Amino acid sequence: MLKKNYVRLFVFACLLGGLLLTAQNAVTADTHFEKLRLESAKIKTMQADFTQKKFMKILSRPLVSEGRFYYDAPDSFRWEYMTPLRSVVISRSNKTRRFIYSDGKMVEDKSGGAQGMQIVLNDVSGWISGRFDQNPSFNASITEGVNTTITLTPAEKNMAGFIQKIEIVLSPKTATVQSVKIIEDANTFTHIEFHNVQTNKIINPAVFQDVR
């Protein structure tokens with residue numbers, strides 16, 4: 001009888017320890033995310049060059065695009081591809097427009113693709129603001145190391161069919177986004193790296209209005 005009591009006490013202690021560890025990890029993650037939000041609140045503007053590589057099993061080499069993006073808090077965005085094909089998405093006050101290069105000039109795309117980009121830009125804006133854990137569509141976890149890595153996994157099964165997870169690596173010095181890896185499946189993913197990142201530098205408002 002005494003032995004059974006000891007066994008039950010041991011099992012209870014293990015369960016309690018596991019619950020406490022889980023709770024402690026949750027508190028630690030919340031603390032890290034809160035710290036990132038406080039650091040990100042200092043960022044009023046951001047601009048950077050980027051290189052985007054699309055990897056697919058059917059491709060012998062990745063598809064490579066290069067461009068530049070601009071951000072002015074809270075909701076002004078310009079995402080511009082320079083090569084191999086030029087296109088621009090500008091977003092301001094929750095109004096998004098997309099332009100593509102055709103016949104020697106930039107022409108607005110009226111097909112409706114800009115609305116899909118609005119969702120993407122809202123997510124990117126949230127990442128820049130440190131709101132990694134506040135999108136109900138994803139569950140967020142954080143890993144500390146040489147670099148801080150945020151992993152976002154779909155909260156809904158229907159989205160899991162399109163995206164397995166998103167990995168966001170932050171710069172160790174400034175806590176700004178250093179790279180984003182969007183994993184669709186084991187053989188298909190998109191990797192975006194940011195270069196020449198500048199923060200809190202004045203951006204001409206025309207950047208978010210004019211496309212030439």
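Read-outs throughout are calculated quantities, based only on the coordinates presented, and are distinct from any laboratory measurement. Here the structure is a predicted model, which means the values were calculated and not measured. Note: ideal-geometry Cβ built from the backbone for every residue, glycine included; neighbour counts use all protein chains shown.
Some points to look at:
- For segment 33-145, the relative contact order is 21 percent, taking Cα pairs closer than 8 Å that sit 6 or more residues apart in sequence and dividing their mean separation by the residue count.
- Multiplying the residue separation of residue 156 and residue 137 by 0.36 nm and subtracting their alpha-carbon distance yields 6.2 nm.
- The modelled label-to-label distance for the pair residue 195/residue 108, using points 7 Å beyond Cα in the direction of Cβ, is 3.4 nm.
- Prolate/oblate/rounded call for segment 113-212, Cα gyration tensor, a/c under 1.5 rounded: oblate
- Measuring against 20 Å, Cα to Cα, the residue pairs 35/173; 173/201; 110/157; 110/165; 181/201 contain 110/157; 110/165; 181/201 as the ones spanning a longer distance.
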